[in-house]
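The values are calculated or read from the model by the stated rules, or taken from the named source; none is laboratory data. Values in this document were obtained by computation on a predicted structure and should not be read as measured data. For neighbour counting, all protein chains shown are included, and Cβ atoms are generated from backbone atoms with ideal geometry for every residue, glycine included. These accessible areas exclude ligands, DNA and RNA; they are computed on the full protein's heavy atoms, side chains included. Shrake-Rupley method; radii C 1.70, N 1.55, O 1.52, S 1.80 Å.
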Amino acid sequence: MNNWRGKYSENLLNQEGAAILLTVVLLLIMVTLVTLYTGKIQSFEHQILLNTQNQVRAQATAKAALNQGMAKLNVDKAWLGAQLSGSLDDNSSFTVSAISEDLPGNRKLVTLTANGESADGLAKAKIIEQSLVYPILFNPPPAPLMVQHGFSHDSEFEIVLNPDGLGVSAPFSIWSDSAIVFSGTNHHSCMLSAFNEGNCETNSYSNPSNKLADIQDASTSFPVDVLSYLFNISSVEWMLLQQQADFVFNDCDSLDIGSWGFVWIDGDCEVSGSTQVGSDSQPIILVVFDGDIEFHSDVLMYGLLIAYRPLGSVKNLDINMQSGSAVLGAIVANYELGTKSDLTRVVFNADVMHHLQHNQKLQRVARVPGSWRDF
C-alpha cells in the first residue's frame, strides 16, 4: 500500500513539474514574440521617421532651388531657362529650370520648375511656381510732354515731337487736360531734324501763329491719375511705387552719366551745368517728389522725368531748363508748368522710350499668387 501511494505522489509531482516547465516555455515564447514584434514596430517607426525627415529635406531643397531660380531671374530678366543645379550643406541636391511665355505689354510669364533630392537619394520633391517679369513703366507716354493743368500764360516750352504719337505719321508733342494758350513767342514744337540743326524755333511745327493737332489740349482722354496711367499704381498708394525705386535721394547732386534704373528724389532736384544723366541705352526713370526741378546749362537727361506734387501740397513748383539743357525721352507733370516763367524743353527719343520698357534694370519680378504647386 505504501509503495502504491509513493509512486502515485511521484507521478503527480512529475506531471506538475512538466506543466510548470511547459508554462514557462510558453511564457518565454510569448515574451520573445512580443519583443520581436515591438522591435519590428520600432524599426517601422524609425523608417517612417527617416522617410519623413528625408521628404522634409527634399522639400526644403526644392524650395531652395526655387529661390535660386527667382534670384537668377531677378539678376537676369532675359534668362532663357537653362537648368541650374547645386547642392546644400547636408549634401542634398537640386535642379531648377524655367519656361517663359511672352505676354502683351512687354511682360513675360515664367514658369519655374524646381526639383530637390535628399542626400541618400531616397526622397524627392518637385515644386512649380510662376513669376511675372514686367516693366516698371506700364504705359509709356505717347507724347514727349504730358502735363496736367497745362501751362500758365508766362510759360515757355520747346518740344521735339513724337512723329507717330497719334498714329503713323501723326505727330504728337503735348498732351494736357487743360487748354494751352500761346501767349508768348517761345512756344513751339518741331521735328528732330530741325532741332538738330538749331532751327526748332524758325522751322517749327506748332507755334503761336499756327497751333496744330500735335498739341492735344483740353483732352477728355487725359488720365485723371498720372501715376496710375504710367505705373498702374494709384496716386494714393505712391509709397508702393517709391518702394520699387533702386535709389531714393534727397537731391540730384549724385546724378551723372553712370546713373541707372529707377531714381526717386524727395525734394528739389538741381543738376549742375554740363552734366549728362543716364544714357541712350541706360535711360533712367526720375521721379521728383514735391520739389522744384532746375537743370543748369547744357544738362542732358536720358529717360523719363516725372514732376509729381502730392495731394495736399501747397508748394508752387516748376521745371526750368537753362540754355542747352533738355530731357531726351519724355516729361510728365501733374501740376501746372510755367508758373515761374521757366522753360521746359523735351526731345522725343524713340530709342530711349524703347529702353525704358526693355532695359532689365527697369524691369521687376513678382510671384504669381496661387501658382504654387508641390508634388
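The calculated pair-distance distribution of the chain uses every alpha carbon pair, bins of 10 angstrom beginning at 0, and gives 5, 19, 22, 14, 10, 8, 5, 4, 3, 3, 3, 2, 2, 1, 0, 0 percent. If you take the charge dipole of region 96-139 about its Cα centre, with +1 on Lys and Arg Cβ and -1 on Asp and Glu Cβ, which of Phe138, Ala114, Ile99 is farthest toward its positive end? It is Phe138, whose Cα lies furthest towards the positive end. Annotation: peptides 56-65, 207-216, 80-89, ranked by per-residue average of other Cβ atoms within 10 Å with the highest first, follow the order 56-65, 207-216, 80-89. Distance between the modelled labels on Ser221 and Ser193, one decimal in nanometres: 2.8 nm (7 Å Cα→Cβ projection).
On a 1.4 Å probe surface of the protein chains, which of Leu300, Leu305, Leu328 comes out largest in accessible area, and what is the full order? Numbers along the way, then the final one.
Details: Leu300 60, Leu305 0, Leu328 25 Å².
These residues rank, largest area first, as Leu300, Leu328, Leu305.
In this rough spin-label picture, where each label sits 7 Å from Cα along the Cβ direction, the Glu201-Gln322 distance is 1.8 nm. Most simply put, region 195-344 has about 5% antiparallel DSSP beta bridges, counting only bridges with both residues inside it.
Each part reduced to its alpha carbon centroid, region 144-168 and region 349-375 end up 29 Å apart.
Less than 30 Å apart at the alpha-carbon level, and either on another chain or at least 8 residues along: which lysines does that give for Lys315? Leaving aside lysines fewer than 8 places away in the same chain, those within reach of Lys315 are Lys340.
Divide the volume of the convex hull of the Cα atoms of region 184-253 by its number of residues and quote the answer in cubic angstrom per residue. Display every interim value, and only then the final one.
Details: hull volume 13.8 nm³, N = 70.
So the per-residue Cα hull volume is 197 Å³.
Taking amide H as placed 1.01 Å from N in the peptide plane, Cys269 has its amide H under 5 Å from the amide H of Asp292, Ile293, Glu294, each at least 5 places away in sequence or on another chain. With both labels modelled 7 Å from their Cα along Cα-to-Cβ, the Ser272 to Ser254 distance reads 1.6 nm. Overall, region 252-341 carries a charge dipole of about 220 debye about its Cα centre when +1 sits on the Cβ of Lys and Arg and -1 on the Cβ of Asp and Glu, all other atoms neutral. Note on region 308-370: dipole from Cβ charges, positive end direction compared against Gln322, Leu337, Tyr308; the farthest Cα belongs to Tyr308. Only Lys, Arg, Asp and Glu carry charge here, each on its Cβ (+1 for the first two, -1 for the last two); on that basis the chain has a dipole of about 2560 debye about its Cα centre.
Taking only the Cα atoms of region 111-175, the ratio Rg/Rh comes out at 1.51, with Rh defined as the Kirkwood radius.
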